[in-house]
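Have a look at the structure below before the remarks.
We did not get these values from a lab; they are worked out from the coordinates using the rules stated. These figures come from a predicted structure and were not determined experimentally. In this analysis, Cβ positions are derived from the backbone assuming ideal geometry, glycine residues included, and neighbour counts consider all displayed protein chains.
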Amino acid sequence: MALHTGPGGSTGSGTAEFTLRRASASDLDALMALLSDDPVSASRGDVADAGDRAAYLRALEQIVADPSNELLIVVAAGATDAAGSPIATMQLTRIPGMARRGSTRLLVEAVRVSSTQRSAGIGGAMMRWVTDTAAPALGSSLVQLTSDAARTDAHRFYERLGFVGSHVGFKYPVA
């Protein structure tokens, strides 16, 4: 799947092209690095510690095995190395539901773009792909996401893309 950024993308002029693909176990270290590259995630313990690798691998295997989930990564188009130099990631979860007359929702989670690539149009291209391609293909009538209250820049980004801050989320830590 190809993603295209608009003018002024990471190439500095014109458009840039990236490939969106399913993550695999060979991407684990890059995924851990993308999570730890984010200050909010790092404050929650995502610090790419080798001691946590087994827990991340277990989670990755569960996500990949679940047909309602996709863990996707973005790589530079034409990447030749096996891992494809991941520069962004996101998880999609298809949720059939009773509300909204039996609507199916597409939940977007853990959207991360490498700090070296932020503001290059990659996040926007990813989210446009979700709303324009993935959601309709999966029969979803609604795309939803949550964003930490501290992520004010992310909130403005999602609002520019047409997302509406319509709900208040709650979390309850277990354990």
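Which of rounded, prolate or oblate describes the chain when judged by the alpha-carbon gyration tensor and an a/c cut-off of 1.5? It is rounded, given that a/c, with a ≥ b ≥ c, falls under 1.5. When you restrict to C-alpha pairs under 8 Å that are six or more residues apart and normalise by the size of region 46-175, the relative contact order lands at 16 percent. For region 65-70, putting each phi into the Karplus relation 6.51 cos²θ - 1.76 cosθ + 1.60 with θ = phi - 60° gives couplings of 6, 8, x, 8, 10, 9 Hz, in residue order, rounded to whole numbers and with x for Gly and Pro.
log₁₀ I(q)/I(0) of region 100-162 at q = 0.29 Å⁻¹, via Debye over equal Cα point scatterers, no solvent, to two decimals? Each listed q maps to, in turn, -1.39.
Close amide H partners of ALA88, meaning residues 5 or more places away or on another chain with modelled amide H under 5 Å apart, are VAL74, SER114. Between ALA25, ALA16, ALA55, the Gaussian network model of the chain with springs among Cα atoms under 10 angstrom shows the greatest mean-square fluctuation at ALA55. Modelled label positions at ARG53 and SER85, each set 7 Å beyond Cα in the direction of Cβ, lie 2.3 nm from each other. Applying the Karplus relation 6.51 cos²θ - 1.76 cosθ + 1.60 with θ = phi - 60° to region 31-45 yields 3J(HN,Hα) values of 5, 4, 5, 4, 5, 6, 6, 9, x, 5, 5, 4, 5, 9, x Hz, where x marks Gly and Pro. Under the simplified labelling scheme, the ASP132-TYR172 pair shows an inter-label distance of 4.1 nm, with each label point 7 Å from Cα along Cα→Cβ. Were the residues from GLU109 through HIS155 laid out at 0.36 nm apart, the gain over their Cα-Cα distance would be 15.2 nm. In order along region 120-126, the Karplus-derived 3J(HN,Hα) couplings, from 6.51 cos²θ - 1.76 cosθ + 1.60 at θ = phi - 60°, round to 9, x, 5, x, x, 5, 4 Hz, and Gly and Pro are given as x.
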